[in-house]
Every structure is written in structure tokens, then in C-alpha cells.
1. Kindly evaluate residue 227 against the criterion of being closer than 30 Å to residue 109 by Cβ and in a helix (DSSP H, G or I).
2. Report whether or not residue 124 is closer than 13 Å to residue 218 by Cα and modelled with pLDDT of 90 or more.
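The values are calculated or read from the model by the stated rules, or taken from the named source; none is laboratory data. Keep in mind that what you see is a predicted model, and the values were worked out from it rather than measured. Every residue, glycine among them, receives a Cβ derived from its backbone with ideal geometry; neighbour counts consider all protein chains shown.
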């Protein structure tokens, strides 16, 4: 029995056992978190405490083994001076989207917290205020906006926000005959520490955009967001930008846009110029 003391079982771990071990190492602070949810959980447990762990656990052997034996989170690609490897634009875009996911959710939560008590706040206004915060503040988040009847929209993103709000208990989301309504839930303030970290350079400008639109109607927000999208598209194609060209493309956007009068569009364009809510390029 004495000869067996101190020996370890050298039997190889199964893929499931390796994944479980990797998760445990992250949970207890032996490995750094690799995505936003893990960062959030890590901060809850350790806060600003510096975690010190044994040298032999800093880089376990199984993490460097072939991906054929088990799956592991993708490691960031570091460009080497003489490397011949290239990364496709598609992969870069996908990586950016993954990194932006929680950041976008936090911005959405801040907008909802600021505006959910306004009687005009529902899905349409929510989407348009978010779009204008993203674009007018030049954050260039990885949202994929397309043309929909009510203006620029990333539909998958909107429903993801609603689902995450419910899951994290930041807001309750209720569909009524008047549209979607948001109400504060028990964890409504949980996102604020992340909001301060992610958007420390845009705090003032985001607040300004939200306040400018706070009491505006959903229709006004729809007009402004649609014109902004058209305007930005004109600039990217080096097309002439004036009131007439913006209004023409606005009406060509969708048949439903015909319900707005020209005077409403002129008012919105003047408002955008006066308040600097215009695309930079």
C-alpha cells in the first residue's frame, strides 16, 4: 500500500470529463473566462480579487491537445510577422458579432431602463432609438440592419433582447393590444456596471440621443431612423444629399411610408440637422 501512496490515476479523461474539468477550472478561477457570460459570472464570484493558482494548472496539457479529441473555445488569432495564414472577412465578422453580443444587450437594457415608463415606448420606438444610438454615436456594433416596413431593423436581435431581458430578470416583456410593454424586473440594475465599462467614451452622447427622443412619438422615431439610414446609404454611394432626394427615397422605402406628410419629413430633417443626428459618412 505504501508504494501506491502519492500516485495518480493516469487513465486518459474522456471528452466529456475534459470539458467538465475545463468548466470547473473556469468556475473556480483557475482559467480566465472566454465570453461575456463567463466574465459576468467570474466577477460575481471573485470581484477584484487577484486569483493565484499553482503553476502546473496555468496551462493544463489537455487544453493544447488536438481539437479532434474534444471541443474547446476558439482562441484569439495573433498575427505573426511572417505568418502566411489569412482570416476571411466572414470569420472576422463572426468573431466581432460574438464579442459584441453582450455589449449590445447592455446598451439595449440601458435604453429600456431609461424609456420603459414612457407611454410611447414599445418595439418600434425601442428599435429606432437603439439604431440611432448605435449609428449617431458611431459605435459600429455588429447589428445587421435591413429594410423593413417600419424602418431599419435587425429582427433576430430584437427578439434576442426580449428573451435575455426575461431570462436575466432585467425586464418583463408583455405583448398587449397596444404593442409590447416593458416593466422593471428584480435585477433591472445588474447591467449598469457593464454599461459604464463598455460605453465610458459614449455615455454623454448616448444620454443626449435618448433624451432628445424621450418624449417623441414612435412615428417621429421611425421617420428619423429611416431618413438616417437613407442618408448614410447616399453618402456611401457618393450620391447627392438634399431634402428632395432624402424624401424621395423615404417614400420609395415602403408603401406604408406614404402615410407621412412631406411637412413631417421636413420637420424631421430640420430636427436632425439642428441636433447633429446625421451620419458622418
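1. Numbers: closer than 30 Å to residue 109 by Cβ: yes; in a helix (DSSP H, G or I): yes.
Spelling it out, residue 227 is indeed closer than 30 Å to residue 109 by Cβ and in a helix (DSSP H, G or I).
2. The answer is yes for residue 124.
Table: residues versus (1) under 30 Å from residue 246 (Cα atoms); (2) surrounded by fewer than 18 Cβ atoms within 10 Å (Cβ to Cβ).
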| site | (1), (2) |
| --- | --- |
| 128 | yes, no |
| 148 | yes, yes |
| 153 | yes, no |
| 176 | no, yes |
| 187 | no, yes |
| 192 | no, yes |
| 216 | yes, no |
| 221 | yes, no |
